[in-house]
Ligand code: FDA
């Protein structure tokens, strides 16, 4: 079999990968990026690239016949999820493990295509606690500002926030939080808030105001394909191969050899091939990168990989809940899908929580306040390799979500008591008040300083690196992509200066 060789390969096109590829390209290093999903640049029959949450079609989900939205039902009715026809290489994937469903983006840009764009920088004290061996001074002086600038982070005009009907839901939840004695904070975002204002004035096509978010935004969002990845390709040194799954990694005397599977958008395997490289950077996300390394260790392809691979996984303490407001507290029928406020109770010594005030953009008045809380759960899961399926399996016990739920309950019980409201029971299935059996923020599996050295160099091997969310030990206290980006910037700067000196 004829094998191609490139100096550097980056697996995945999410945050860690995009940063790494740009900096490699700028350094003049020919780099190939390999991405499982597609390049989202071709409009469908409706003239749009992505479909909305209100009218999902096959573009919404990664090879599924039905959508798998985080809300199960509305008013206990099975009206949220829809049949979407023939399985297709859609943009949102939900990887279901026992007791935990992990949402991830698929396509050039990874999670940036499907996420809510919230871009908070973590609290310094918590960052230092979670990543004690990383120089926090340098991160907060240099790499967090760099990540914010490169990602196009902006904040909402406070006057607009106070008067627009599309953030009534956020103001109502903020008022309730304040009445219960909690603090709130404005969350920066990579969605262009000036664009949002023009949407409201009907000057531009609507996206955040058209129910678009978890299945992609057609406008307004500075996803990675518009920022880091555009710049990376612009160096002339970086190319991206799409619909390409890395299935295995091994070593030979020339460096690393990757086994690739090229698929079409219907999932047919078109061909298998091999690609060789000298430097290999893994940015396939917490689940993706961990699976590749576990498989390599357990099949003896890379037998010296450390026992720490597959450990230290967490959901960032994600838990979703919703409150039923009084009739005099409507939340608005037209809601921006882009969240902009959070309840910040992180300094609580017993129940620290950072709860994003989420929209419920279904086009009707719901009187619901929805939240995605991030909690400081100490629980961690671990992955094992199942040889019969050739997949990594996450071990996350049913009770491991309980600390997150207890924290969320402490916060929202207090709000309900202050306002005289109750929880909604109709949204998450089984009359549940809290849903902590899925997450948007998978973190860990190849933790910095454990599975790798302090700069993401994989222990046991030279020229092999992890660049993504799997480096972060399960929890970071806020939505994670700014941290993933800043850490990747820091690590690649060191690696370029020492390992790749040309
Ligand atoms: P990321 O997951 O982004 O990218 C990995 C890429 O690798 C994917 O494109 C994948 O297809 C590819 N890949 C995987 N396996 C592969 C293989 N074997 N071969 C080739 N390619 C492979 N965060 C935040 O900070 N603010 C927010 O508002 C939100 N909101 C949010 C909403 C939703 C719905 C989701 C799903 C997630 C969020 N997040 C978020 C989380 C955020 O998007 C996430 O933390 C980052 O995208 C993780 O970045 P990584 O670089 O780790 O990988």
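Taken together, the criteria exclude residue 229 from residues that are touching a residue at least 24 places away in the same chain (Cβ under 8 Å), crowded, with 18+ Cβ neighbours inside 10 Å, on the phi > 0 side of the Ramachandran plot and under 26 Å from the mean Cα position of the chain (by Cα).
Residue-wise test of (1) under 22 Å from the mean Cα position of the chain (by Cα); (2) in contact (Cβ under 8 Å) with a residue 60 or more places away in the chain; (3) closer than 22 Å to residue 91 by Cβ; (4) away from the ligand (no atom under 13 Å from the Cβ).
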position: 256; (1), (2), (3), (4): no, yes, no, yes
position: 259; (1), (2), (3), (4): no, no, no, no
position: 266; (1), (2), (3), (4): no, yes, yes, yes
position: 270; (1), (2), (3), (4): no, no, yes, yes
position: 275; (1), (2), (3), (4): no, yes, no, no
position: 283; (1), (2), (3), (4): yes, yes, yes, no
position: 287; (1), (2), (3), (4): yes, yes, yes, no
position: 295; (1), (2), (3), (4): no, yes, no, no
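Here 474, 444 are screened, and the one residue that is in a loop (DSSP other than H, G, I, E, B), in contact (Cβ under 8 Å) with a residue 60 or more places away in the chain, at positive phi and surrounded by 23 or more Cβ atoms within 10 Å (Cβ to Cβ) is 474.
Per the listing 148, 81, the residue uniquely under 22 Å from the mean Cα position of the chain (by Cα), within 16 Å of the ligand (Cβ to nearest atom), surrounded by fewer than 18 Cβ atoms within 10 Å (Cβ to Cβ) and in contact (Cβ under 8 Å) with a residue 12 or more places away in the chain is 81.
In the stretch 330-355, how many are crowded, with 24+ Cβ neighbours inside 10 Å and outside any loop (DSSP other than H, G, I, E, B)? So the answer is 5.
Restricting 8, 27, 21 to those that are over 19 Å from residue 216 (Cβ atoms), in contact with a helix residue (DSSP H, G or I) (Cβ under 8 Å, 6 or more places away or on another chain) and more than 16 Å from the ligand (Cβ to nearest atom) reduces the list to 27.
The single condition from (1) away from the ligand (no atom under 11 Å from the Cβ); (2) under 23 Å from residue 360 (Cβ atoms); (3) touching a strand residue (DSSP E or B) at 6+ places or on another chain (Cβ under 8 Å) that residue 75 fails is (3). If only residues of the stretch 196-219 that are in contact with a helix residue (DSSP H, G or I) (Cβ under 8 Å, 6 or more places away or on another chain) and within 14 Å of the ligand (Cβ to nearest atom) are counted, the one that is farthest from residue 167 (Cα to Cα) is 216.
For the criterion of being within 16 Å of the ligand (Cβ to nearest atom), touching a helix residue (DSSP H, G or I) at 6+ places or on another chain (Cβ under 6 Å), under 30 Å from residue 351 (Cα atoms) and touching a residue at least 60 places away in the same chain (Cβ under 8 Å), residue 184 fails.
Can you find even one residue in the stretch 119-141 that is surrounded by 15 or more Cβ atoms within 10 Å (Cβ to Cβ) and within 7 Å of the ligand (Cβ to nearest atom)? Looking through the stretch 119-141, at least one residue is surrounded by 15 or more Cβ atoms within 10 Å (Cβ to Cβ) and within 7 Å of the ligand (Cβ to nearest atom).
Just one of the listed residues (248, 308) is assigned to a strand (DSSP E or B) and modelled with pLDDT of 95 or more, namely 248.
Annotation: of all residues in the stretch 397-436 being in a loop (DSSP other than H, G, I, E, B) and touching a strand residue (DSSP E or B) at 6+ places or on another chain (Cβ under 6 Å), the one that is farthest from residue 326 (Cα to Cα) is 436.
The values are calculated or read from the model by the stated rules, or taken from the named source; none is laboratory data. Predicted model only: the values in this text are computed from it and were never measured. A quick note on method: Cβ atoms are made from the backbone with ideal geometry, for glycine too, and the neighbour counts reach across all protein chains shown.
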